[in-house]
C-alpha cells in the first residue's frame, strides 16, 4: 500500500525539522550574528520552509516522471 499524503507530509516535516538546523549550521550561517534583530528560530524556520518546498518540488517531479 503506498503511503498516504499525510504520511509523506509528516515524514518530510520530521526529516526537515531534524536536518534543517544541522544544514544551516554546517553551511556556516550564523543566524544570530547575521540578523541581530531576527530571532535565530525564525531564520532556521525560513530555511526549513525553503528546503521543504524544494523537497516537495523534487517529489512532484519524480512522481510525474514515474507516471510517464
> Out of the residues in the range 31-53 that are over 18 Å from residue 18 (Cβ atoms) and part of a helix (DSSP H, G or I), which is modelled with the highest pLDDT?
Replying inline: 42
> Can you name every residue in the range 1-21 that is surrounded by fewer than 11 Cβ atoms within 10 Å (Cβ to Cβ) and at pLDDT below 75?
Replying inline: 1, 2, 3
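The values are calculated or read from the model by the stated rules, or taken from the named source; none is laboratory data. Only a predicted model underlies this, so the values are computations on that prediction, with no experimental measurement involved. Neighbour counts are summed over all protein chains in view; Cβ atoms, including those assigned to glycine, are modelled from backbone coordinates with ideal geometry.
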